[in-house]
Amino acid sequence: MFTPPSNPVNKTENLKVSQLCELCHSRKAILKRPKNLMKICKECFYNVFETEIHNTIVSNQLFYPGEKVAVGASGGKDSTVLAYVLKKLNEEYKYGIEITLLSIDEGIVGYRDDSLATVKRNKEQYDLPLEIISYRDLYNWTMDEIVACAGVRSSCTYCGVFRRQALDRGAMKLEISHVVTGHNADDMAETVLMNILRGDVNRLEKSTSIMTSSAGSPVKRSKPFKYSYQKEIVLYAHYKKLDYFSTECTYAPEAFRGTAREYMKSLEAIRPSCIIDIIRSGENLVLKPKKAKKVTTKFKNIKKNDNMEMEVKPNGTISLFKDGNRCERCGYLSSNRICKACILLEGLEKNRPQMQLENDTSTDGKAKLMRDLENLTF
Amino acid sequence: MEETLIPVCERCKEQPAVAKTRKEYFCKECFSKFILLKQRRTLISDKDKFLETVMKVTYKTPNDEKILLALSFGKSSLVVLQNLIEYLNNQYSQQQKTGFILETITVVENDDEYKKFKEIIKTLEKLKDFEILNKGSIKFRVVNINQLLNQEKLSLLKLNIEDYKLLVEDINEAASIININQLLIDSFGTQYKTLSSKEDFKNIAIKNTIEAVFHSFNYKALVYGSSMSKLATEIVTNTVIGRGDVIAKNLDTKFYPLTDVFYSEVDAYYQLVINNNDILLKGEEFSSSNSILIQNDNHFEILKKSKQTKTISDITMDYFNTIEGDYANVISTVVKTGLKLGNPNAFISASENLKHCKICSSNISKKQNPADWINKITVMKPAPINTDEERANYDHWKTETALAVDKGSEATNEECDNLCYGCTVTLNTSSHKSIKWNTSNKDAALLNQVLEDFVL
Amino acid sequence: MTNNIKLLIEFLGGLDSIFDNKRTYSVEVDNDKIKTLKDLIFDYIVKELLVKPEDNYSIYIQDETIRPGILTLINDVDWELEEELDYVLQNRDVISFTSTLHGG
């Protein structure tokens, strides 16, 4: 059941000029934009919020007419607002895209049940088709079972790997080659910070890309909310009374990411623009040219392709995907002989997941740091 | 008093340990050697051994090449000063020659600090740790930033809120004595929330002054005392205030002997070896909650700021402090990451002249023009006016602003886009989107009028 | 005689989980004692509505104000435009707190 937020009854009479919206100068300002500190009214807020997303879509040429697009829908605020706004913009600006909601059922009792119920209501509310793909169907394991076997600590690692594949597979099943996700400016800023804090230099330059795709995978990802503040997304959902689900995943998020998020929120309190500032910085972080090595020329060619995502091997080198490689186990597209998901699954079957994880992530030091950080509270 | 077992130093295996860092127990002597060696190693290996080449005693070429040390008289820069003095003294006692001239630059903000600076110089003269064998090899320079401001022509820099372009207006400040803090208050007010913006611009004013001195007097290298923790804080702070593009330049064009030394180690070294609070100009400039000393009887009162008075760098320091003890990896990882960064404008063709920011003088490329970037992601178009009530409000606004415009004089403003992203954002947080700033070139002649030199 | 005002307090975006899983509270408070939003938060909400304050206080409050990441609206207006903690409460005000930190 969805209960919308209450409507206020009190209204300010006799507006002072200083209370007016700084854009239209005709209505009461109701929020201060974190991006540029402007005080604006509800009408202008809807207008700038939607138009900015439209501009992002157009200037980055995210869609082409007739394209089938899946919205990775979790039932949470970001993907709910994304589905709503995308549908609205598609009608208003005639992108000519076909939108489908694509949900992943990880199999987390109590958390996913409720959020899936939200997505099912969204399907009706926005009149969009919905496809649900479950971990059980894909991997024969639910997240609850994985956690029971591998422990809570590595749950996000499993879920991350499995979900990425699941979205890809779901999209392919629907013959859709473009998944849009609700990642917002805050998420992106967080990722830039995390990459600096973890020293993940190979991902640093790519962390602000609006569109990514794993080479070899026919499915591309994009983030139309790249420049949209979390605060504005929540406010938009609030004012529009959108039906979204908000409970933290039962298997709490990665603790280190949590500390970075807390840190960012403290900053935002004194410099509201910091989210967009971090993204700006992120777009300007480039690595020093590598000292001449054999791979240099090859590497340069790859770099020209902005949408290429590269895999980073434990020893810090970059592996280049060959098109059309398939996992020997599941036949799913993969850069390696055996795909990440299958490696994790094998570990689960053997009930020795921890070892597999260490082999998989990166050098021992880094993996250890990650585990240490998971115990850390800020 | 209860007797506790004091572990033995893991290096010499003899002396009792006084500090524990990087999972190892050190006695006083081994710890002090450890810190000096870390600095020495950084100095001689950094940037293709450039500094070592400058510093060493040569017999063919003159040995009067000058190195400038930015000396704030905080613990870190004093530790570096002590180390460089020892380096010079070693050269002198072994070769009867010194290989370079060390000059320091201290920027003071007011008369009190200037007086304190002079007292510190007197005190230094009596301290054994800072005894200089070759008297001519060190010079201490000081500049009062307000005196410098009063020598220069100020401009009013105003941000056009419609398109984020910069309006520059020359102003003839009527013989009033300008003070940097007052100048910042005029723009940002006194509210706590503006502390970060004021800190940002004040740091820039100080940085500009130091760099002007560096560029005007033929120095070979600019050395900063920043510890690894401080560098990590600066890297992350620059990232979060949109100044990511200057990280690489800051690290690549200056020398940091303490790159590999944590602040907690600097602090411990200071207490164990230098142990003198009379030569600190501003007290604690970088707070660390973790002491690595085993018996810490010299309790420093750590400045506990309330959250409301914290700036971005305070919050960043706090963040690192919560992880510095057990998660030291993060700090060194951040610095290593920073060192791998390069110039974002490296691939820009030579034909395009880079512009310089009117405030911080960093490079701005056309491709990454901040105003264009902001305008692209920020819509400024209002929604239409619908009701009579809204129309009435609008008319009301129009009459009021029309009155205000009439009052103001129509100055001839020059519009330009010489403002970097970070300065644009900080300027945007000021009450009237404007600041008075000196945009003129600080040359040797101008600096000579305000610089004062001291020799021990 | 007491001078009571009626208020509607809402905890949204998952914040209801520390307020007995109830999103909306319709309350009456003594306006002589509870004048500002600050009074309401610290002398009423934290004392009367917050469940297990020993565990949950820091989820709601940080450094003597609402924790960053929680959006506070006064009659649907961002509290930044309404003097924040110093806002003077009116009869029938709707005060809402929305967590923005939960997953999207």
Vicinal HN-Hα couplings computed from phi for the range A:137-154 (Karplus, 6.51 cos²θ - 1.76 cosθ + 1.60; Hz; Gly/Pro x):
5, 7, 10, 6, 9, 9, 4, 4, 5, 4, 5, 4, 8, 9, x, 5, 4, 9
Anchor A:Lys39: lysines whose Cα lies under 18 Å away (excluding residues fewer than 8 positions away in-chain)
A:Lys11, A:Lys16, A:Lys28, A:Lys231, B:Lys193, B:Lys381, B:Lys398, B:Lys433
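Using only atoms on other chains, find how many Cβ atoms lie within 10 Å of each Cβ of peptide B:380-390 and report the average. Don't skip to the answer; put the middle values down first.
Working: counts 8, 6, 13, 15, 5, 5, 4, 2, 0, 3, 9.
Per residue, the average neighbour count from other chains is 6.
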With unit charges on the beta carbons (Lys and Arg positive, Asp and Glu negative) and the dipole taken about the Cα centre of the range B:75-127, which residue among B:Gln94, B:Leu81, B:Val108 sits farthest to the positive side?
B:Gln94
Of the residues A:Gly170, A:Gln19, A:Val109, the Cα lying farthest along the dipole of the protein assembly as shown towards its positive end, which is defined by charges on the beta carbon of Lys, Arg, Asp and Glu, belongs to A:Gly170
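Just tell me how shielded A:14-26 is by partners: mean number of partner chain Cβ atoms within 10 Å of each residue's Cβ, no decimals.
Working: counts 0, 5, 3, 7, 2, 4, 6, 6, 4, 5, 10, 11, 16.
The mean count of partner-chain Cβ atoms within 10 Å per residue comes to 6.
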Scaled radius of gyration (Cα, divided by 2.2 N^0.38 Å) that the range C:4-99 gives
0.97
Please tell me which of these pairs span more than 20 angstrom C-alpha to C-alpha: B:Lys153/B:Lys207; B:Lys56/B:Lys230; A:Lys87/B:Lys376?
B:Lys56/B:Lys230; A:Lys87/B:Lys376
For chain B, take the longest principal axis of its alpha carbons; what is the angle in degrees between that and the long axis of helix B:195-216, to the nearest 10 within 0 to 90?
70
Any chance you could check the Cα centroid distance between the range B:246-265 and the range B:6-48 for me, in angstrom?
20
Which number gives the lysine pairs in the range C:4-99 that have C-alpha atoms under 20 Å apart and are eight or more places apart or on different chains?
10
Unit charges on C-beta of K, R, D, E only; dipole of the protein assembly as shown, Debye
3420
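Fewest to most neighbouring Cβ within 10 Å: what's the order for C:Lys52, B:Lys202, B:Lys442?
Values: C:Lys52 9, B:Lys202 16, B:Lys442 19.
Listed from fewest to most nearby Cβ atoms, that is C:Lys52, B:Lys202, B:Lys442.
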Name the shape class, rounded, prolate or oblate, that the alpha-carbon gyration tensor gives for the range B:1-64, where a ≥ b ≥ c are the square roots of its eigenvalues, rounded holds for a/c under 1.5, and otherwise prolate holds if a/b is larger than b/c and oblate otherwise.
prolate
Angle, helix B:111-126 long axis vs. longest principal axis of chain B, Cα atoms, 0 to 90°, nearest 10?
10
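For C:Thr2, A:Thr118, what ranking results if the residue with the fewest other Cβ atoms within 10 Å of its Cβ goes first? Walk me through the intermediate numbers first.
Working: C:Thr2 9, A:Thr118 22.
Least crowded to most crowded, the residues run C:Thr2, A:Thr118.
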Would you mind checking B:Lys47/B:Lys135; B:Lys135/B:Lys442; A:Lys226/B:Lys165; B:Lys23/B:Lys249 for any pair whose Cα atoms are more than 27 angstrom apart?
B:Lys47/B:Lys135; B:Lys135/B:Lys442; B:Lys23/B:Lys249
In terms of Cα to Cα distance under 22 Å, which lysines are near enough to A:Lys340, apart from those fewer than 8 places away along the same chain?
A:Lys173, A:Lys206, A:Lys220, A:Lys313, A:Lys322, A:Lys350, A:Lys366, A:Lys368
Let me know the charge dipole size of chain B about its Cα centre in debye, to the nearest 20, where only the beta-carbon of Lys, Arg (+1) and Asp, Glu (-1) is charged.
1360
Please enumerate, by chain and number, the aspartates and glutamates with C-alpha under 16 Å from the C-alpha of A:Lys265, excluding those fewer than 8 residues away in the same chain.
A:Asp186, A:Asp187, A:Glu190, A:Glu232, A:Asp277, B:Asp314, B:Asp318, C:Asp63, C:Glu64, C:Glu80
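Dipole size in debye (nearest 20) for the range C:4-99 around its Cα centre, Lys and Arg Cβ +1, Asp and Glu Cβ -1?
Details: 10 positive and 21 negative charges, 70 e Å.
Dipole of the range C:4-99, to the nearest 20 debye: 340 debye.
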Could you give the angle, 0 to 90 degrees to the nearest 10, between helix B:328-340's Cα long axis and the longest principal axis of the Cα atoms of chain B?
70
Shielding of A:233-243 by partners, i.e. mean partner chain Cβ atoms within 10 Å per residue?
3
In the range B:1-79, the chymotrypsin sites (Phe, Trp or Tyr not before Pro) that sit in a DSSP loop and have at most 14 other Cβ atoms within 10 Å of their own Cβ are B:Tyr59
If every alpha-carbon in the protein assembly as shown counts as one equal scatterer, what log10 I(q)/I(0) does Debye give at q = 0.08 1/Å?
-0.87
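Can you tell me the relative contact order of the range B:156-231? Whole percent, Cα pairs under 8 Å, sequence separation 6 or more. Each step should come with its number before you reach the end.
On the way: 26 pairs, mean separation 11.0, N = 76.
For the range B:156-231, the relative contact order is 14 percent.
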Can you list the residues, at least 5 places off or on another chain, whose amide H is less than 5 Å from the amide H of A:Cys330, using H built in the peptide plane?
A:Cys339
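Quick note: the coordinates plus some simple rules give every number you see, no bench work behind them. Please read all numbers here as calculations on a predicted model, not as lab measurements. Quick reminder, even Gly has a Cβ in these numbers, built from the backbone with ideal geometry, and neighbours come from all protein chains shown.
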